[in-house]
Structures are given as structure tokens and as C-alpha cells.
Amino acid sequence: MPEDEPLQKYRQKRDFSKTSEPRGGEGRESADPIFVIQKHAARRLHYDFRLEIGGTLKSWALPKGPSTNPRDKRLAVPTEDHPLEYADFEGVIPPGEYGAGTVLVWDSGTFRNLTEKKGQPIPVEQALAHGHLSIWLEGRKLRGAYALTRFKQAPDESWLLVKKDDAEADADQDILATRPESVLSGRTLEEIAADAGY
Ligand code: MN
């Protein structure tokens, strides 16, 4: 399966006899591409933002998480592509394994590519390559338009995730604090860890 190629890095980093994370490669059939944001209590707490593009989940780590405030510019550091099945992964990655710590599905839903240039729509793969994506998130917590923009090239490739100033923007709410729970199970990080016996 040639579409497995992007998952090579993902698989190299993990021992699937020890972690319950999916190996990936099953694929998915649906019209609307999905997005997911996973809260990950690894060595440092962060949020992983993932967009379904080209059959995998393109991924960025957000050290400070997403925001609903258009004034917040949230750093987004690219990480390896993840399999589509990862969108449902919630649980504990065992100590000593890559990314050890608790993972919670903080938000999920679908997204629409809004990227355009001079009024012409730009395909999402092209927008990604160009380093500027304009997307509409239709999640259970996050809604509305966001810009994802690369501001630094490799080897320190860095992007920014910024809420666009639309009707869904909310400068007064800290959604990470008001909605800490999983959209999959309603559990907190602590409850997920306890349920897994940690
Ligand atoms: Mn992570």
C-alpha cells in the first residue's frame, strides 16, 4: 500500500507490542475530512492538532493548545504523520515508550478547506506545501475559521494557529480551562490514567 509510506516515521518510533496506539493503514471512507485535537500529558503537557489530508493525519504539536481568541498566536510545531485511526485513540502510552503519558481526545469533528488566492480556491495539499491553510473547523468545542501559517522553515519548521475574527471567535473564554474533558468519553486526563491502572 503506497499510502502507508507517510506512516514510516510514526511506526519506527513505536513498539506496538507495548503501546495500544494503532499501527494504522486501515484507511477510511468519508466525504468530509476529519480533524482531531488530542491533549497529551507527555513529559510536557501539550495538544496535538491533526488534519486529515491525503489519507493520513497531518500533525502539529501545540505547546499552549488552541485558542478561540483571534489575538492569540499559538505555536504549532509539525510532527510525524499519524494514521487516521489515531483520531479515536485515547488512553495511556506506557512509561518508557515514545510519547509516554496520557492521551485524551479533546476535540474532534470535520473541517473545510477555505484557502484561496485571488478568489480562486487552493487545494488543501497545495496550501499545505505553500505553508498557508485557511480552514473552517466544525468540532464539538472549536468552531469557525482558523489560519495555520508556516513562519519558519526546516530544520526548525514552525507554524502558527490563529483564530480568525468571525462570529465564532470568543476573546473572553479560556476554552482549555472551561472544557478540559474528553469529547469521546467525558473523562479527564486523571480519570483516563486511573481507568488504565496508573
Ligand atoms: Mn503529542
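Out of all the residues in the stretch 70-78, is one or more free of Cβ contacts under 8 Å to residues at least 24 places away in the same chain and either hydrophobic (A, V, I, L, M, F, W, C) or part of a loop (DSSP other than H, G, I, E, B) (or both)?
no
Sort out which residues of the stretch 154-169 are of a type in the set (D, E, K, R), open to solvent by less than 50 Å² (accessible area, probe 1.4 Å) and in a loop (DSSP other than H, G, I, E, B), and write them in order of number.
Selection gives Asp166 alone.
Residues of the stretch 110-129 being out of contact with any helix residue (DSSP H, G or I) (no Cβ under 7 Å at 6 or more places or on another chain), open to solvent by less than 40 Å² (accessible area, probe 1.4 Å) and either closer than 14 Å to Asp48 by Cβ or not in a strand (DSSP E or B) (or both), which ones?
Of everything in the stretch 110-129, those that are out of contact with any helix residue (DSSP H, G or I) (no Cβ under 7 Å at 6 or more places or on another chain), open to solvent by less than 40 Å² (accessible area, probe 1.4 Å) and either closer than 14 Å to Asp48 by Cβ or not in a strand (DSSP E or B) (or both) turn out to be Ile122, Val124, Ala127, Leu128.
Please work out if Asp107 is at pLDDT 95 or above and part of a loop (DSSP other than H, G, I, E, B).
Considered against the rule, which asks whether it is at pLDDT 95 or above and part of a loop (DSSP other than H, G, I, E, B), Asp107 comes out as no.
Select from the stretch 184-196 the residues that are assigned to a loop (DSSP other than H, G, I, E, B), out of contact with any Gly (no Cβ under 8 Å at 6 or more places or on another chain) and in contact (Cβ under 8 Å) with a residue 40 or more places away in the chain and list them in ascending order.
Leu184, Ser185, Arg187, Thr188
Report, by residue number, each residue of the stretch 145-198 that is small (Gly, Ala, Ser) and either under 18 Å from the mean Cα position of the chain (by Cα) or within 30 Å of Ser20 (Cα to Cα) (or both).
If the condition is that a residue be small (Gly, Ala, Ser) and either under 18 Å from the mean Cα position of the chain (by Cα) or within 30 Å of Ser20 (Cα to Cα) (or both), then Ala145, Ala147, Ser158, Ala177, Ser182, Ser185, Gly186, Ala193, Ala194, Ala196, Gly197 are the ones that fit.
Do we have any residue at all in the stretch 29-40 that's free of Cβ contacts under 8 Å to residues at least 40 places away in the same chain, part of a strand (DSSP E or B) and closer than 21 Å to Glu181 by Cβ?
no
Hey, among Leu45, Leu62, which residue is closer than 25 Å to Lys152 by Cβ and in contact (Cβ under 8 Å) with a residue 40 or more places away in the chain?
The unique qualifying residue is Leu62.
Limited to the stretch 25-70, what total is found for residues that are under 18 Å from Thr188 (Cα atoms), charged (D, E, K, R) and either loosely packed, with under 14 Cβ neighbours inside 10 Å or more than 12 Å from the ligand (Cβ to nearest atom) (or both)?
Of the residues in the stretch 25-70, 3 are under 18 Å from Thr188 (Cα atoms), charged (D, E, K, R) and either loosely packed, with under 14 Cβ neighbours inside 10 Å or more than 12 Å from the ligand (Cβ to nearest atom) (or both).
For the stretch 88-101, name all the residues that are in a strand (DSSP E or B) and within 11 Å of the ligand (Cβ to nearest atom).
Listed by number, the residues that qualify are Ile93, Gly101.
Go through the residues of the stretch 92-102 one by one and say whether even a single one is hydroxyl-bearing (Ser, Thr, Tyr), open to solvent by 20 Å² or more (accessible area, probe 1.4 Å) and in contact (Cβ under 8 Å) with a residue 24 or more places away in the chain.
Checking the stretch 92-102: at least one residue is hydroxyl-bearing (Ser, Thr, Tyr), open to solvent by 20 Å² or more (accessible area, probe 1.4 Å) and in contact (Cβ under 8 Å) with a residue 24 or more places away in the chain.
The values are calculated or read from the model by the stated rules, or taken from the named source; none is laboratory data. Note that the structure is predicted; figures quoted are calculated from it, not measured. Neighbour counts run over all protein chains shown; Cβ positions are idealised from the backbone, glycine included. Surface accessibility is based on the protein's heavy atoms, side chains included, excluding ligands, DNA and RNA. Shrake-Rupley method; radii C 1.70, N 1.55, O 1.52, S 1.80 Å.
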